[in-house]
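Before any comments, here is the structure.
The values are calculated or read from the model by the stated rules, or taken from the named source; none is laboratory data. On a predicted model such as this, the values are computed, not experimentally measured, just so you know. No Cβ is skipped: glycine too gets one built from the backbone with ideal geometry, and neighbour counts run over all protein chains shown. Accessible surface areas use protein heavy atoms only, side chains included; no ligands, DNA or RNA. Shrake-Rupley method; radii C 1.70, N 1.55, O 1.52, S 1.80 Å.
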Amino acid sequence: MKLFTGLIFCSLVLGVSSQWYSFIGEAAQGAWDMYRAYSDMREANYKNSDKYFHARGNYDAAQRGPGGAWAAKVISGKDPNHFRPSGLPDKY
């Protein structure tokens, strides 16, 4: 009985810890997406472009997770191009 209880406990601990490793990796990727969007915003230095770059960063980060494009659209509120200011170079 002790062996059975020990096996169940170990499997639960290992299962939870593997989910934490996955969460940490996904959080790092999301942070990288937001950093890249922020860097592009600073480089573009374009008036009223902050909403676009913030929405783009959220969209990129959410698209990778569960739910994909649907989650990205819900989190961002709209397609990121909705917030794109006119005249912003195509590079961004």
How large is the accessible surface of Asp79 in square angstrom, using a 1.4 angstrom probe and rounding to the nearest 10?
70
Could you work out how much longer the chain between Asp50 and Ala28 gets when fully extended? Use 0.36 nm per residue separation minus the Cα distance between them, nm to one decimal.
5.7 nm
By how many nm would the segment from Lys91 to Thr5 lengthen if fully extended, with 0.36 nm per residue of separation less the alpha-carbon distance?
25.1 nm
Taking R0 as 22 Å, what FRET efficiency do you get between Val74 and Asp40 from their Cβ-Cβ distance, rounded to the nearest 0.05?
0.45
